[in-house]
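Enquirer: Below you will find the structure I want to go over with you.
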Amino acid sequence: MARYAEIADRDRLGIAAAAFAGVASATVEAALDAASAMADGYLRDRHELPLASWSDDLRAAVCHIASWTLLANRGYDPSRGADEVVRLQYEDAMRWLRDVGAGRVRLGSAVDSTPSVDEGDTLAISNRSRGWMRR
């Protein structure tokens, strides 16, 4: 399984590092691994895994899911505005992954593990009349 985001990505795309300043790096990495595994559950319906490369759309979704996981473990407080933002980002990320899995949204520049097949030059010829005439 690929980890689709790293700690630096979370800081850049997810949530400010200061929000989880007391959280051990190993805990953050475990949350990113879990979020990546969750993403794979949706991606495998449309892509041959593991992905060989991916872009910030997937990185951001994984960061938002991991940030929510970390926040939920710390304790979600709906009266804190930042906590609510993290929850909304998580919900948006999950909706986006469902849309990717359903084929309504395409990943940004992802390359999956589908083998390249060169079928050579293909030419289709049909002599059957379709009833179309040029006038």
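The values are calculated or read from the model by the stated rules, or taken from the named source; none is laboratory data. Computed from a predicted model, the values in this text were never measured in an experiment. Every residue, glycine as well, gets a Cβ built from its backbone with ideal geometry; the counts of neighbours run over all protein chains shown. Just so you know, the surface numbers come from the protein's heavy atoms only, side chains and all, with ligands and any DNA or RNA stripped out. Shrake-Rupley method; radii C 1.70, N 1.55, O 1.52, S 1.80 Å.
Enquirer: Heavy-atom accessible area of Arg10 with all protein chains present, probe 1.4 Å, nearest 10 Å²?
Expert: Surface open to solvent at Arg10 totals about 10 Å².
Enquirer: Accessible area per residue, 1.4 Å probe, Å², for the chain: what's the number?
Expert: Numbers: 8650 Å² over 135 residues.
Accessible area per residue, the chain: 64 Å².
Enquirer: On to the next question. Within the accessible area of the chain, what % is carbon and sulfur when the probe is 1.4 Å and the other protein chains stay in place?
Expert: On the way: 4360 of 8650 Å².
On the chain, the fraction of accessible area on carbon and sulfur atoms equals 50 percent.
Enquirer: A follow-up question, please. In terms of the ratio Rg/(2.2 N^0.38 Å) built on C-alpha atoms, what value belongs to the chain? Mind dumping the intermediate values first?
Expert: Details: Rg = 21.2 Å, N = 135, 2.2 N^0.38 = 14.2 Å.
So the chain has a normalised radius of gyration of 1.49.
Enquirer: Calculate how steeply helix 25-43 sits against the longest principal axis of the alpha-carbon atoms of the chain, using the helix alpha-carbon long axis, and give the answer as 0 to 90 degrees to the nearest 10.
Expert: The answer is roughly 30 degrees.
Enquirer: For Ala82 and Arg12, FRET efficiency with R0 = 22 Å and r from the beta-carbon atoms, rounded to 0.05?
Expert: Numbers: r = 17 Å, r/R0 = 0.78.
Calculated transfer efficiency: 0.80.
Enquirer: Could you work out which residue, out of Gly14, Gly81, Gly41, moves most in a Gaussian network model of the chain, that is, has the largest mean-square fluctuation with Cα springs under 10 Å?
Expert: Evaluated over the chain, the most mobile residue of the options is Gly81.
Enquirer: Give the accessible area for Ser109 in Å² (nearest 10); use a 1.4 Å probe, count only protein heavy atoms, and leave out ligands, DNA and RNA.
Expert: 80
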